[in-house]
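Encoded as structure tokens, the structure appears first; notes follow it.
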Amino acid sequence: METVDPNKVPKVRFYNGAEIPAVGLGTFGSDHVSADQIAEAVYQAVKIGYRLIDCAAVYDNEKEIGGALKRLFDEGIVKREDLWITSKVWNSMHHDVRGSFEKTCRDLGVDYLDLFLVHWPFPNSHAPGVSVDSRDPDAVPYRHRDFKRVWAVMEDLYEKGLCKNIGTSNQTIAKMKLLLSTCKVKPMVNEMEMHPHFQQPELFDFLKKNGIAAIGFCPIGSPARPERDKTVTDTVPIQDPVMIKIAKAHNVHPAVICVKWAVQRGQIPIPFSVKPPKFTMNLKCTTEDPLTDEEMNEIKSIDKNNRFIKGQVFLWSTAKDWHDLWDEDGTIAGW
């Protein structure tokens, strides 16, 4: 088995001094990969050299991942402090963030998390595997007074040392501005969709200016994402002629170029795969053969502002469409 020295993998420093590996393994199985398969991928990935594992309660696989972690610890492959373990509080648990945190720790078999995120900024939820037309009858627009209560618990978990870092996910500039105006502890990170066809330069730059790191999900465009998240206008980053050309120059798959670009740009990609050759290359590529400045600029030029994870299932009854979730004109819909 090929391995990668984790000490050679770049790191990103948070404003509080914590250092997170610059690439990790995602664990969302897109409704088509079993929890056991994902747990085995975690086990193999850590043996290969991964040190960042991105989890979430809603993925419904944390118990199985906890079993893989126990194997790794019991076999002496890694110690707990060698790993960076991220998880997230799901929308339906905004009323009990502490309870969600404690269950995740039990399921994963750990007594602290390296990073705990608020998965979405509102409590709207959905059952597993629903269609794009499904709606939570109790769904509501964003309410900052409610999110402040959620964030206050996150701050308490951080201040007590139960999680080493806290952050947000699927935030927008408008919502982040509100949070920054009221929080005691600024988020260390925001997790967000980012790939060559959806680079989010305005939000990415806003985060950087405020000392907030960015974790990028769907870094290669998530071609195996749930059908509910696909529309006829979606593009495929790994089929872009620019990505194919650069991949040929480096003698790798275009997906590898997506990961290289993300790391060199300064974001933290969390590509998902259960196939060792693929997730090995996703890690190894960050330690060798960097992209040139010209190649980075070429990829910058192919941004299509094409959001793949639109979030339709989180809409409330009076929302017009999925655009209302993302505050694209700088205002919060339903506010």
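Computed from the coordinates by the stated procedures, all read-outs in this text should not be read as laboratory data. Note that this is a predicted model, so its numbers are computed, not measured. For neighbour counting, all protein chains shown are included, and Cβ atoms are generated from backbone atoms with ideal geometry for every residue, glycine included.
Quick notes on this structure:
- Ranked Thr231, Thr168, criterion: other C-beta atoms within 10 Å, fewest first: Thr231, Thr168
- Reachable lysines, given that their alpha-carbon falls under 17 Å from the alpha-carbon of Lys63 and they are not under 8 places away in the same chain: Lys88, Lys103
- DSSP-assigned coil residues among GluC sites (Glu not before Pro) in region 25-96, each with at most 14 further Cβ atoms within 10 Å: Glu75
- Cα-based reach from Lys275 at 18 Å (exclusive), listing lysines while leaving out same-chain residues under 8 positions away: Lys47, Lys284
- Taking label points 7 Å from Cα along the Cα-to-Cβ direction, Glu159 and Lys177 give a separation of 2.7 nm.
- Descending by average beta-carbon neighbour count within 10 Å, the peptides 267-275, 132-140 line up as 267-275, 132-140, the highest first.
- Cleavage-rule hits (trypsin sites (Lys or Arg not before Pro)) in region 142-178: DSSP loop, at most 14 neighbouring Cβ within 10 angstrom: Lys160
- 222 nm mean residue ellipticity, helices alone, for the chain (DSSP H n ≥ 4; -39,500 (n - 2.57); rounded to 500): -10500 deg cm²/dmol
- Sites listed here are trypsin sites (Lys or Arg not before Pro) in region 79-134 whose DSSP assignment is loop and whose Cβ has at most 12 other Cβ atoms within 10 Å: Lys79.
- Restraint check, Lys11/Lys245; Lys230/Lys278; Lys8/Lys70; Lys177/Lys209; Lys186/Lys209, Cα-Cα greater than 19 Å: Lys11/Lys245; Lys230/Lys278; Lys8/Lys70
- Most positive-pole-ward Cα, Thr287, Ile309, Thr235, against dipole of region 6-325 from beta carbon charges: Thr287
- Cβ-based charge dipole, region 1-77, positive-most Cα from Asn61, Gly49, Val9: Val9
- Relative to its residue count, region 177-335 spans a Cα convex hull of 141 Å³ per residue.
- Value of relative contact order over region 6-325, rounded to a whole percent, pairs C-alpha under 8 Å and six or more apart: 21 percent
- Sorted ascending by nearby beta carbons within 10 Å, beginning with the fewest, Tyr112, Tyr43, Tyr50 become Tyr112, Tyr43, Tyr50.
- His253 sits among other residues whose Cβ lies under 14 Å from its own Cβ, and their net charge, with Lys and Arg +1 and Asp and Glu -1, is +4.
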